[in-house]
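Throughout, read-outs are computed from the coordinates displayed, never taken from laboratory work. What you see is a predicted model; the values in this text were computed from it and never measured. Don't worry about glycine lacking a Cβ; one is built from the backbone with ideal geometry, like all the others, and counts go over all protein chains shown.
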Amino acid sequence: MSAQQTLVAPAPRARPAARRGWLREALTGWLFSAPFLLIFIVFLALPILASAILSFTDFSLGNLVDPFSARFIGLSNYAKLLHDPNFLQAALTTTIFVVFGTVLNLAVGLAAAVALNRGISRFRAVFRVGYYLPVVSSIVAVAVIWRFLFNADFGVVNGVLQIFGIKGPDWLGNPTLAVAIIVALMVWRNFGNAMIIFLAGLQGIPNDLYEAARIDGANRWQEFRSITLPMLKPTTLLLTVVTTIGFLQVFEEPFVMTQGGPLNKTRPISMYVYQQGFNFFHQGYASAMAYTLFVVIAAVTLIQFRLLRSET
Amino acid sequence: MSVAAPVRTAIPVVTQATPEQRPSRGGRRARNSLWVYVALLIGLVLLVGPFLWMVASSVKTPAELHHVPPTWIPQTFTLDNYTTIFTKLNFPQYFVNSVIVAAVVVGSNLLFCSMIGYALAKLRFRGKSAVFLLVLATIMVPQTVYLVPLFVLMSNLGLVNSYAGLILPFAAQAFGVFLMRQFIQGIPDELLEAARMDGAGEFTVFRKVVLPLLGAPLATLGILTFLGSWNNFLWPLIIATSDQMFTLPVAVATFSIGQNTADYGLLMAGSVVLIAPVLLIFLLLQRFVQQGIATTGLKG
């Protein structure tokens, strides 16, 4: 562009030409952006905005045909949330899923990454591929498999326990055990991702640090505590943010494994939003709940990125 | 170990000292790594085991499926479960639905994301930064937030229970824009200028110069979008209201919590159909990924 301009600059007629070139470039820019933007705005940006508006209305099944007939009811939906024991239970369940899930996901991912990086010299690729398999698999399918494995009457887990003469429990019928199994499934399916990202982080640690430590007579645990962990801090914080956001939206695992039961103890917020919005058709109320979840996600992300910035 | 020539001091001493130390150190290492192998192997069994169990169970008879204690290797091999889901149940339809949705979602993202990526990376126009900010702002918004209004929109457009309803919300995804923009920024301007000098219009520049250079990022975007679409569950569950429009995950989930709840033979066969294509693609591309690393390693 600039080359062209300097070439033709002396001629007085060049200016309109350059101007036309500028206009054409702008037009082309918008033309190239248009297909993406059209779909993106109509089916993503607008619904996000509409959700905020919906959350202040009493929108329900009757308004589906004529969306603008819904009445504004101010903050009523949000006030109702705070007194809805089902929502509070869902919030508690989500918190348990997120806290235990995130901590375990990172711990197992890090352990696997360290073992693959420095513990062994052969078959690395086999383990890396094997550990990553669940990440690419459908959650619905693996949740169905897990439900089968933990079936009280003919599941493998209780079958193995029986060999040792132990009568296995009804895993998914017990609220505490069901929560634990769903957390385990979340970690089982996702830690491969954390492992890959930790592996990349580990490979960025200079080897001299370990050599220096070895000369000083440090053992493996001291090496891990004083070199590996501090050097992985940025990776760890980033993974914490990503995992937290992901687990705050957990849906498929409890939907397939327990349908939220027993006693709604395994029903997270996303599932309660789904039920309120699409089973009971309380779309206004569901939107208020979804927006609350969104605000929490935004806040958690912001806090964690603050930490990330101040610590590194 | 015996120092033959005292003249060769420093270097031989060092090289001799190391082999002397190595047996003890190496022994400790070897024992340590044996434990690491054992731990990793147990992990591998726990991670791959359920998949093998799924495959084994899908070829068992109903009687054997409910046998206590469970059998590891099928005693009587049968394909009845597969025959049933493909002839008595509607699995051919679900499979085709999943393929159609994934194909269109992948295709539209490859095309639209590389186009807008080109505009954002290489063209100057007013409102460009606003466009980029808009895309950036939505990347963190969880799906749960816009499901309800999206459904209201779809029902007013008459797109509930249609391919368009399944596809459109995923036809233009933000992360593809970042990926393509990032990569296209790395293409030297001189290359584009040269084509423009030869009288090529922007569309020709894009098609003949930019697109041929986008092989690697397009492959990445294609794989990620395919995985996302194939495994996508919540939106298809909402928008596909009749059996005819179910995708595979919706079908498997619906059967698993419906009246077929105890028929694990059918459910495992369904899960195999749902998981197999993705695993196949992943395993094939994993080889390419490793080859890629090996080649760059040789070159670098």
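For segment A:144-159, just list the computed ³J(HN,Hα) in residue order, Karplus coefficients 6.51, -1.76 and 1.60, θ = phi - 60°, integers in Hz, with x standing in for Gly and Pro. Going residue by residue, I get 5, 4, 4, 4, 5, 4, 9, 4, 5, 8, 9, x, 5, 4, 5, x Hz, with x marking Gly and Pro. Under 19 Å from a label point 7 Å along Cα→Cβ of B:ALA103: give me every residue in segment B:223-254 with its amide N that close. Within reach of a label on B:ALA103, which here means backbone N under 19 Å from a point 7 Å along Cα→Cβ, segment B:223-254 contributes B:223-232, B:244-249. For a modelled paramagnetic label at B:GLN143, 7 Å from Cα along Cα-to-Cβ, the residues of segment A:135-166 in reach, with backbone nitrogen under 17 Å, are A:135-144.
Summary of the geometry: segment B:31-61 and segment A:160-197, compared by the centres of their Cα atoms, lie 15 Å apart. Relative intensity of the protein assembly as shown on a log10 scale, I(q)/I(0) at q = 0.07, 0.13 Å⁻¹, equals -0.55, -1.52, per a Debye sum over C-alpha point scatterers of equal strength in the absence of solvent. When each of B:ASP198, B:ASP243 is scored by the number of other beta-carbon atoms lying within 10 Å, the sequence from fewest to most is B:ASP198, B:ASP243.
In whole Å, what is the distance between the alpha-carbon centres of segment A:52-84 and segment A:221-278? That distance is 29 Å. A simple spin-label model places the labels of A:ALA79 and B:SER162 4.1 nm from each other, with each point 7 Å out along Cα-to-Cβ. Computed about the Cα centre, the dipole magnitude for chain A is approximately 900 debye when only Lys and Arg (+1) and Asp and Glu (-1) carry charge, each at its Cβ.
Each helix, a run of at least 4 DSSP H residues, gives -39500 (n - 2.57); summed and divided by the residues of the protein assembly as shown, these come to -22500 deg cm²/dmol at 222 nm.
The A:ARG309 and B:LEU134 beta-carbon pair, evaluated with R₀ = 25 Å, returns a calculated FRET efficiency of approximately 0.55.
Which FRET efficiency, nearest 0.05, do A:LYS167 and A:ARG225 yield, Cβ-Cβ r, R0 56 Å? Taking R0 as 56 Å, the efficiency between A:LYS167 and A:ARG225 is 0.85.
At an R0 of 41 angstrom, the distance between the Cβ atoms of B:GLN182 and B:LEU52 translates into a FRET efficiency of 0.55. Projecting the Cα positions of B:ALA119, B:VAL160, B:GLY222 onto the charge dipole of segment B:89-261 (unit charges on Cβ atoms of Lys, Arg, Asp and Glu, taken about the Cα centre) puts B:ALA119 furthest along the positive direction. Exposure proxy for B:ILE85, A:ILE196: other Cβ atoms within 10 Å of each Cβ, ordered fewest to most, give A:ILE196, B:ILE85. Modelled spin labels at A:ARG122 and B:ASN90, positioned 7 Å past Cα toward Cβ, are 5.3 nm from each other.
Residues in segment A:190-197 carry Karplus couplings, in order, of 9, 5, x, 5, 4, 4, 4, 6 Hz; the curve used is 6.51 cos²θ - 1.76 cosθ + 1.60 with θ = phi - 60°, and Gly or Pro positions show x. A straight line joining the Cα centroids of segment B:232-255 and segment B:94-144 runs 24 Å.
Counting neighbouring Cβ atoms within 10 Å and putting the fewest first, the residues A:PHE251, A:PHE224, A:PHE32 line up as A:PHE224, A:PHE251, A:PHE32. Remark: segment B:36-42, residue by residue, has Karplus-estimated 3J(HN,Hα) of 4, 4, 4, 4, 5, 5, 4 Hz, where x stands for each Gly or Pro and the curve is 6.51 cos²θ - 1.76 cosθ + 1.60 at θ = phi - 60°.
Need the full-extension length gain, A:VAL160 to A:LEU88, defined as separation in residues times 0.36 nm minus the C-alpha distance. One decimal, nm.
Details: separation 72, 0.36 × 72 = 25.92 nm, distance 3.74 nm.
Separation in residues times 0.36 nm, less the Cα-Cα distance, equals 22.2 nm.
Taking amide H as placed 1.01 Å from N in the peptide plane, A:THR57 has its amide H under 5 Å from the amide H of A:ILE73, each at least 5 places away in sequence or on another chain. Take the residue pairs A:LYS265/B:LYS88; A:LYS167/B:LYS60; B:LYS60/B:LYS88; A:LYS233/B:LYS122 and return only those whose Cα atoms are more than 28 Å apart. The pairs that break the limit, which is 28 Å between Cα atoms, are A:LYS265/B:LYS88; A:LYS233/B:LYS122.
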